[in-house]
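Right, one structure below, let's go through it.
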Amino acid sequence: MIALANAAAEKTIPKHYWPAVAIFAVVMALVFYARPPVLQSLRNLAFDAYQRASPAAPLPESPVRVVQIDESSLAVLGQWPWSRATMAELTQRLGDAGAAAVVFDVLFAEPDRTSPDQILATLPPARRAALTRALGGDVESYDTRFAEVLGAYPSVLAASLHDQPTAAPFPVHAGFAVAGDDPAPFLLSYPGVASSLPAFSEVARGVGFMNWLPDGDQVVRRVPLLLRHNDTLAPSLSLEALRVALGASTYVVRAANASGANAFGSHTGLNAIRVGPLTIPTDADGQVWLRFRAYEPSQAIPAWQVLSGEVPPEQLEGTIVLIGASAPGLMDLRATPLDSGIPGVEVHRQALEQILAGNFLSRPDYAPSFELSAGLLAILILALTAPRVRSATNAAIGLGLIITVWALGFVLFAQANYLFDPIFPTLASLAFSAAVTTYFYQRTEHQRSEIRRAFSQYVAPSVIREITAHPERLKLGGEVRDLTILVCDIRDFSSVAERMSAEELTTFINSFLTPLSDIIIENGGTIDKYMGDAVMAFWNAPLDQPDHAARACRAAVQIMACVQKLNRTWRDEAAAAGRQFDEVRIGIGVNTGECCVGNLGSERRFDYSAIGDNVNIAARLESLSKLYRLTLLVSEETHNGAPGLNLVEVDLVRLKGRRGATRIFTAIPEGAPAEHDAFLKAYRKGQFDDAARLLTQLQSNATEFSALYQSYAERLEAPRASPPAEWDGVYELERK
């Protein structure tokens, strides 16, 4: 029983614990490789937290400029779209200032309706002919003018890939060389494309898609550098701007199993894209993670300032100039980890700056394996500590692991631009902590239930509640402490048993021991064992009971009264059955002293029991009660520990095998006669004549001590006839 209680206080490792841990780890690994959307969403939030904690630093002397179509420009130049004449002038001014590339983050998919030739086309034929003659037959086309300017300067136009099939191909201006595996299967493909007018796309130096691939929460975290239009590789607007600015004509796409990017035969997708002298690391899908910096609208140049000549040429010379909308009404706003809405052209700008600075966020192919290993390591650490420490300590270890994982992720992000996903190790730690805490809690509750079930047969309910509430107060193995031991036995049980059948004897023993056990438990005692017709119990263990001696004595007196009641019941039952009934007599011995109490026995079978010399004394007192024909004998130590009870001294004896004398007491409801103490005093002093006189008076009164007084009368004969030289009044017992 004590082992069960201690299991509740100290967790042990069951046989099936490690197999369960292994199964849990396998399940978590399967969840990791299944990549449920919730894990990806949480991963994105973790990366956002890193970005907010350590955003990218502004790039000094940035080679990228943004000319924005903002509210102030709309106020000066009129509503959007502006005429192609205005766009041609804007392009020419930027080209004349020495821009390395003029990049439009807008589509010119339709002819300019404000162009004179387009206006003439809307007029009735007669009026159109008259106006044409008035203009000398030469009607200006803004689109033609814009196309001429685009062809004269390093310009890049935008296209948009979509899911509606179109017959027109993507206007590719660059060549592609592939090193390693075919990258096409790893690139997202679109069947349709919307691009600027062919007159524009054909003369521009480059055309790139302006698509973005936001996550489920519509936040831009990565930008694709390559996509596909059916089977055609298409570069992004940022990539084309970079190619045109560098004067390159070809992209080199490096994929798995290329030289220097060996994947040992595995097809893991893209590794990098080379344009001119620059190598851009990508993920398997051809995308790059962006480390954003906070959006600063003041860094952009309003378009009207360029057109009015207020921007110094040296501010634009040699730069990549991006032209895009920032006015809220033009609906080209994007959410980033740092800002809820920035102009789409700003995303292109930060992508280009990151590429030109070589400041890439890295998430290589082996990152998932590294993160899986971190999660499994966290599970292993918690699995090793969970059975050995308290729940609070284990929770602190789990919290420490989570903090360590997040701190490591942040340091790798801030110092090495490495994207380490802390979500799986965190969830693995939380899930395992929750699982193991639940497991040990249920196991502890089961053990507490076992404690309650086991101890309920031996101790009072109040003791059970105390044990289950504070199992740490139990001590595994043996401990030495003061106990009060009670031993109760039926006298001449053999003669009682021989007149009963086995079934009758079983019923009799149960009817005898059940109420006695109830009395012991109600008085806070612990039942040590049943020995046939006998029962042994003790007090002051497993929990402290300062009044343990008094409790045991009260239990003994109640047992005496209970047996008298049982005798009346049994007598009536015997009379009803027409059989003889002999009154059942019991003997009770109670002693107090140091004993060894605890979990005693073998490793396979044990009992919560008490052993020691004081246990033996209690048993001897029970046996000695038969000699004195008294139901109860209590030792002097017990008497001293129960000062409030009316106990009567019986004798001073020297038990077999003990040097010292032991005073023994009993309890009599009506108390001892008045001369009882005087007789014992005279007897102990060797005043034999006075003792004999007092004894005669005692014998003349019918009391429960009649047999005791008869024994004293027999013991007085020898010393009265021949007084001994030395006398201490101690009765020497020759048997145990």
*Top-ranked residue of region 274-312 - restricted to ones that are in contact with a Phe, Trp or Tyr (Cβ under 6 Å, 6 or more places away or on another chain) and in a strand (DSSP E or B), ranked as surrounded by the most Cβ atoms within 10 Å (Cβ to Cβ)*: 275
*Pairs, first at pLDDT below 90 in region 477-498, second in a strand (DSSP E or B), C-beta under 6 Å, six or more apart*: 477/598; 477/599; 478/596; 478/598; 479/598
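Take the residues of region 187-199 that are of a type outside the set (Gly, Ala, Ser), touching a strand residue (DSSP E or B) at 6+ places or on another chain (Cβ under 6 Å) and surrounded by 15 or more Cβ atoms within 10 Å (Cβ to Cβ): which is nearest to residue 287 (Cα to Cα)? Reasoning before the result, please.
Looking only at region 187-199, we keep the residues that are of a type outside the set (Gly, Ala, Ser), and these are 187-188, 190-191, 193, 197-198.
This time we only want the ones that are touching a strand residue (DSSP E or B) at 6+ places or on another chain (Cβ under 6 Å), so: 187-188, 190, 193.
From the residues that got through so far, the ones that are surrounded by 15 or more Cβ atoms within 10 Å (Cβ to Cβ) too are 187, 190, 193.
On the way: 187: 9, 190: 16, 193: 20 Å.
Among residues in region 187-199 that are of a type outside the set (Gly, Ala, Ser), touching a strand residue (DSSP E or B) at 6+ places or on another chain (Cβ under 6 Å) and surrounded by 15 or more Cβ atoms within 10 Å (Cβ to Cβ), the one nearest to residue 287 (Cα to Cα) is 187.
From 57, 46, 85, 75, grab the single residue that is under 24 Å from residue 416 (Cβ atoms) and at pLDDT 90 or above. Steps first, please.
Values: 57 fails: at pLDDT 90 or above; 85 fails: under 24 Å from residue 416 (Cβ atoms); 75 fails: under 24 Å from residue 416 (Cβ atoms).
Result of the check over 57, 46, 85, 75: 46.
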_Looking at (1) closer than 14 Å to residue 588 by Cα; (2) surrounded by fewer than 24 Cβ atoms within 10 Å (Cβ to Cβ); (3) touching a Ser or Thr at 6+ places or on another chain (Cβ under 8 Å), which one does residue 553 not meet, given that it meets all the others?_
(2)
*Only residues that are closer than 17 Å to residue 305 by Cβ, part of a loop (DSSP other than H, G, I, E, B) and within 58 Å of the chain's Cα centre (by Cα): list them for region 63-79, please.*
70
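Residue-wise test of (1) free of Cβ contacts under 8 Å to residues at least 60 places away in the same chain; (2) hydrophobic (A, V, I, L, M, F, W, C); (3) surrounded by 17 or more Cβ atoms within 10 Å (Cβ to Cβ).
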| position | (1), (2), (3) |
| --- | --- |
| 573 | yes, no, no |
| 586 | no, yes, yes |
| 589 | no, no, yes |
| 608 | no, no, yes |
| 614 | no, no, yes |
| 620 | no, no, yes |
| 624 | no, yes, yes |
| 646 | yes, no, no |
| 652 | no, yes, yes |
*For region 368-406, enumerate the residues that are farther than 22 Å from residue 19 by Cα and free of Cβ contacts under 8 Å to residues at least 12 places away in the same chain.*
369, 392, 393, 396, 399, 400, 403, 404
*asked:* Tally up the residues in region 135-178 that are surrounded by 18 or more Cβ atoms within 10 Å (Cβ to Cβ) and part of a strand (DSSP E or B), please.
replied: 6
*Consider residue 514 carefully, then state whether it is within 20 Å of residue 589 (Cα to Cα) and either β-branched (Val, Ile, Thr) or touching a His at 6+ places or on another chain (Cβ under 8 Å) (or both).*
yes
*For residue 266, are the conditions met, namely being in contact with a helix residue (DSSP H, G or I) (Cβ under 9 Å, 6 or more places away or on another chain) and either at pLDDT below 95 or over 26 Å from residue 368 (Cα atoms) (or both)?*
no
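The values are calculated or read from the model by the stated rules, or taken from the named source; none is laboratory data. This structure is a prediction, so every number in the text was calculated from the model and none was measured. Note that each Cβ is placed from the backbone with ideal geometry, even for glycine, and that neighbours are counted across all protein chains shown.
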